[in-house]
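In what follows, a single structure is set out as structure tokens and then discussed.
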Amino acid sequence: MARALGPDDLEAALALCALDPVANVLAAVRITESIGRPSFGAGAWGAFEDGNLVALAWVGANVVPVSPSGRGLESLARAVVMHNRAFSSLVGDAPAVHTVFSHVQQAWPPPRQMRADQPSLTISTAPLVSADALVRPAMMSELDVVLPASVAMFTEEYGYSPLGGGGAYAARVRQLIDGGRSFVRIGMGPQGPRVEYKAEIGAFALGVAQIQGVWTHPDLRGRGLGAAGTAAVVEHAYALGAAVVSLYVNDYNVTARKVYHRIGFDQVGSYATVVL
């Protein structure tokens, strides 16, 4: 059976995510942010066996399933279909994503993209390459420079602009800057200040800081800015209290995977993303 989770389920929900915090950090951060908010019950659904929570799914703009045992996902898939609404993506630990998608794909429109294997990488020691000292937290006064770089990154990654869905994307960029989790290297370009490198700590829960949105300006690629910049973000994440720093990358992005390996990241699992 699946049902909406409420405040009394918070401890069990976070404990379930903590069985594999790297795989489940996306769901854990949504649940953590929702503690004490009425929206929690509407956003998280759980599947139970003998009164014990065995699986959950965060249901918001994205659907993020969690099931360390692989059980309970079919019940959650039925609950997601019952929402009868559009989502941006189904994303998370690959086995859970694939299982949920197998149960919902007949009820959903064909996906824009299917990223079936995105290696999940972690580092918990000092980076093996020198960190770029010019990479620092972005300032709100730099939003007009940071936002275009963020849009360029998203458009390159997904093939369409994120600005077509209203103001949600720009609000997210502002939120990350305001929270001190957007990191940039800014230099002078032909037309004035520009972002040369950027990345965000897009999710932070259970001691895991997940790096997202890594991007180097096209004019500056191949010069080592990506490796040195990401090493700097790793160090910033440790300074913020992370015990483990993670990220996930498309399996076909051989260049990025080599860079992350050089920094000291190792693969610990796999994510999957169904872009809707």
If you go through the stretch 244-256 one residue at a time, do you hit one that is in contact with a strand residue (DSSP E or B) (Cβ under 8 Å, 6 or more places away or on another chain), outside any strand (DSSP E or B), touching a residue at least 12 places away in the same chain (Cβ under 8 Å) and hydroxyl-bearing (S, T, Y)? no
V214 meets each of (1) open to solvent by 10 Å² or more (accessible area, probe 1.4 Å); (2) over 19 Å from A131 (Cβ atoms); (3) of a type in the set (V, I, T); (4) assigned to a strand (DSSP E or B) with one exception, condition (2)
Tell me which of these R71 doesn't satisfy, since it passes every other one: (1) touching an Asp or Glu at 6+ places or on another chain (Cβ under 8 Å); (2) closer than 18 Å to T32 by Cβ. (2)
Have a look at A239, A228, A243 and point out the one that is of a type in the set (A, V, I, L, M, F, W, C), open to solvent by 10 Å² or more (accessible area, probe 1.4 Å), within 22 Å of L19 (Cα to Cα) and more than 15 Å from the chain's Cα centre (by Cα). A243
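Examine the stretch 125-138 for a residue that is farther than 30 Å from K258 by Cβ, more than 18 Å from the chain's Cα centre (by Cα) and surrounded by fewer than 15 Cβ atoms within 10 Å (Cβ to Cβ), and state whether such a residue exists.
Scanning the stretch 125-138, I find no residue that is farther than 30 Å from K258 by Cβ, more than 18 Å from the chain's Cα centre (by Cα) and surrounded by fewer than 15 Cβ atoms within 10 Å (Cβ to Cβ), so the answer is no.
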In the stretch 158-191, how many residues are at positive phi and at pLDDT below 95? 2
Only one of F48, F87 is closer than 24 Å to G202 by Cβ and either aromatic (F, W, Y) or open to solvent by 60 Å² or more (accessible area, probe 1.4 Å) (or both). Can you tell me which? F87
If V145 meets every condition in (1) within 21 Å of A61 (Cα to Cα); (2) in a helix (DSSP H, G or I); (3) open to solvent by less than 70 Å² (accessible area, probe 1.4 Å) apart from one, which number is that one? (1)
Scanning the stretch 61-115 for residues that are in a helix (DSSP H, G or I), touching a residue at least 40 places away in the same chain (Cβ under 8 Å) and more than 21 Å from Q267 (Cα to Cα) gives S75, L76, R78, A79, V100, F101
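Could you tell me which residue of the stretch 186-211 is most open to solvent (accessible area, probe 1.4 Å), considering only residues that are under 30 Å from A243 (Cβ atoms) and assigned to a loop (DSSP other than H, G, I, E, B)?
First, pick out the residues of the stretch 186-211 that are under 30 Å from A243 (Cβ atoms): 186, 195-211.
Filter once more, so that each one left must be assigned to a loop (DSSP other than H, G, I, E, B): 206-207.
Details: L206: 75, G207: 27 Å².
That would be L206.
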Could you list, in sequence order, all residues of the stretch 258-276 that are touching a strand residue (DSSP E or B) at 6+ places or on another chain (Cβ under 7 Å) and either assigned to a loop (DSSP other than H, G, I, E, B) or not hydrophobic (A, V, I, L, M, F, W, C) (or both)? Y260, G264, F265, D266, Q267, G269, S270, Y271, T273, L276
Take D117 and tell me if it is out of contact with any strand residue (DSSP E or B) (no Cβ under 8 Å at 6 or more places or on another chain), at pLDDT 95 or above and open to solvent by 60 Å² or more (accessible area, probe 1.4 Å). no
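The values are calculated or read from the model by the stated rules, or taken from the named source; none is laboratory data. Predicted, not measured: the structure shown is a model, and the values here were computed from it. Positions of Cβ are backbone-derived with ideal geometry, glycine not excepted, and every protein chain shown enters the neighbour counts. The area values use the complete protein model at the heavy-atom level, side chains included, leaving out ligands, DNA and RNA. Shrake-Rupley method; radii C 1.70, N 1.55, O 1.52, S 1.80 Å.
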